[in-house]
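S.K.: Got a structure for you, written out below as structure tokens; questions coming shortly.
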Amino acid sequence: MQYAVGVVILLIVTAGYAAYRGRMRKPAQPETRTAGNVISMESHRKAKREAAEQVCSSCKKKNGKLIFYAQDNGTIVGLCKNCQDQAKKRDLLPL
Ligand SMILES: [Zn+2]
């Protein structure tokens, strides 16, 4: 009986300590990092959505999702599926 009471008290103390630690730890958590991840994911989705709406840099048509390539002069072009062969011929690197 004494042993059972001791275990229960130990559990209560442990749970209370864990709750106390959990409360104490909360303000120290890097909340900005979490928010940063959320923002970056949203901007990533936005960029993806915009990529589907942009016109191809080569044929100037809205032809679905564009693949972006970096050119030798540092500029970036977005090419549709039809124009990707041109990029491959010019050895452009997909971003
Ligand atoms: Zn095109």
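The values are calculated or read from the model by the stated rules, or taken from the named source; none is laboratory data. Note that the structure is predicted; figures quoted are calculated from it, not measured. A quick note on method: Cβ atoms are made from the backbone with ideal geometry, for glycine too, and the neighbour counts reach across all protein chains shown.
S.K.: Identify all residues within segment 52-67 that are crowded, with 17+ Cβ neighbours inside 10 Å and among the hydrophobic types (A, V, I, L, M, F, W, C); write none if there are none.
M.R.: C56, L66, I67
S.K.: Filter segment 46-70 down to residues that are of a type in the set (S, T, N, Q) and at pLDDT 90 or above, then give me how many there are.
M.R.: The qualifying residues number 2.
S.K.: Out of all the residues in segment 63-95, which are among the basic types (K, R) and within 10 Å of the ligand (Cβ to nearest atom)?
M.R.: Going residue by residue through segment 63-95, those that are among the basic types (K, R) are 65, 81, 88-90.
Within segment 63-95, just K81 meets the criteria.
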